[in-house]
Amino acid sequence: MNASIKTPDLTRQKLLEAAFAEIHRNGFQAASLTHILADTGLTKGALYHHFPDKKALGLAVIEEVIRPQLAAMMFAPLADTQQPLAAMQALLKGKASEPDPWVVTLGCPLNNLMQEMSPVDEAFRLQLNSLFEAWVGVVTAALKRGLKSGEVNAAVKPGDTAFFIVSALEGCIGMSKNTQSVAAYRGCLGQLSHYLDTLKS
């Protein structure tokens, strides 16, 4: 009985993971449902049982794959910290030390979709913007805690600064994808790290 209950969830998860990989490689508009089904070994019937169309699948990828990934990588390290600048420096150092950063090859899944889909589909724009705003909100809250703890300079405006930090990081990734240069990626992260130093109390 347990297996029969879990099977639909596993099928949905397989479809989401395969769709995420296909979209990350090729973009949403060029993503192939045929390739997704081939990667999963599932049928069209299984796909349409869970998702009425390709758009629904794409929106589910944002909410059920990209959001949890971002939460684990970017939100969790800043949760409840009283030293957000140190936490963000550690994040940047970890990213810069990755031996083969896949974001240089494929880019950030969130940013890729924002650039591709926000101008052409309002449902995508709203869902992507919701996730971007959540990220900015996490950084804003962390900076506010840093102000209270004394780590962050009192002149720092948490909301504006958080928006800039997230945008700068996404810019580093996006431009490094265009240049296909790991050195450029690491150099850009280094400059963002220097900027964070200027925010210290």
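The values are calculated or read from the model by the stated rules, or taken from the named source; none is laboratory data. Since the model is a prediction, treat every value here as computed from it, not as a measurement. Note: ideal-geometry Cβ built from the backbone for every residue, glycine included; neighbour counts use all protein chains shown. For the accessible areas, the whole protein counts, side chains as well, though only heavy atoms, and no ligand, DNA or RNA atoms are used. Shrake-Rupley method; radii C 1.70, N 1.55, O 1.52, S 1.80 Å.
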> Among the Cys residues of the chain, which have no other cysteine Cβ under 4.7 angstrom away?
Replying inline: Cys108
> In whole Å, how far is the Cα centre of segment 94-111 from that of segment 49-89?
Replying inline: 15
>> Restricting things to Cα coordinates, could you compute the convex hull volume per residue of segment 8-197 in Å³?
In response: 120
> From the backbone phi of segment 173-184, what are the Karplus-calculated ³J(HN,Hα) couplings (6.51 cos²θ - 1.76 cosθ + 1.60, θ = phi - 60°) in whole Hz, Gly and Pro given as x?
Replying inline: 5, x, 6, 5, 4, 5, 7, 6, 10, 5, 4, 5
> What spacing in nm lies between the two simple spin-label points modelled at Ser118 and Asn26, each 7 Å away from Cα in the Cβ direction?
Replying inline: 2.5
>> For the full complex of protein chains and a 1.4 angstrom probe, list Met114, Met73, Met88, Met175 by accessible area with the highest value first.
In response: Met175, Met73, Met114, Met88
> To the nearest 10 square angstrom, how much accessible area does His35 have with a 1.4 angstrom probe?
Replying inline: 100
> For Ala71 and Lys200, what does the FRET efficiency come to when R0 = 30 Å and r is the distance between their Cβ atoms, rounded to the nearest 0.05?
Replying inline: 0.65
> Sorting Arg145, Arg25, Arg186 by accessible area (1.4 Å probe), largest first, what list results?
Replying inline: Arg25, Arg186, Arg145
> For Ser193 and Asn129, what does the FRET efficiency come to when R0 = 30 Å and r is the distance between their Cβ atoms, rounded to the nearest 0.05?
Replying inline: 0.65
>> Starting from the 7 Å offset along Cα-to-Cβ, what nm value, one decimal, do you get for the label separation of Ala38 and Gln13?
In response: 2.6
> Once you list every other residue whose beta carbon is under 10 Å from the beta carbon of Val152, what net charge do they have if Lys and Arg are +1 and Asp and Glu are -1?
Replying inline: +3
>> Please list 3J(HN,Hα) in residue order for segment 69-81, calculated via the Karplus relation 6.51 cos²θ - 1.76 cosθ + 1.60 where θ = phi - 60°; whole Hz, with x for glycine and proline.
In response: 4, 5, 4, 5, 7, 10, 7, 4, x, 9, 5, 6, 5
>> Can you compute the charge dipole magnitude of segment 8-197 about its Cα centre, using +1 on each Lys and Arg Cβ and -1 on each Asp and Glu Cβ, nothing else charged? Give it in debye, rounded to the nearest 20.
In response: 160
>> Among His49, Met117, Leu192, whose Cα projects farthest towards the positive end of the dipole of the chain, with charges put on the beta-carbon of Lys, Arg (+1) and Asp, Glu (-1)?
In response: Leu192
> Would you list Ser167, Ser176 from the most to the least accessible area, probe 1.4 Å?
Replying inline: Ser167, Ser176
> Each residue of segment 196-201 in order: what ³J(HN,Hα) in whole Hz does its phi give by Karplus 6.51 cos²θ - 1.76 cosθ + 1.60, θ = phi - 60°, with x for Gly and Pro?
Replying inline: 4, 4, 6, 8, 5, 5
>> I want to verify a result. In a Gaussian network model of the chain, Cα cutoff 10 Å, which of these has the top mean-square fluctuation: Phe132, Phe75, Phe164?
In response: Phe164
>> Nearest 10 degrees is fine. How inclined is helix 84-96 to the longest principal axis of the chain, computing both from alpha carbons?
In response: 60
> Summing +1 for each Lys or Arg and -1 for each Asp or Glu, what net charge is found among the other residues whose Cβ lies under 13 Å from the Cβ of Trp102?
Replying inline: +1
>> Can you list residues from other chains, or at least 5 along the same chain, whose modelled amide H is less than 5 Å from the amide H of Val152?
In response: Leu147, Ser201
> Rolling a 1.4 angstrom probe over the protein heavy atoms, how many square angstrom per residue are accessible across the chain?
Replying inline: 51
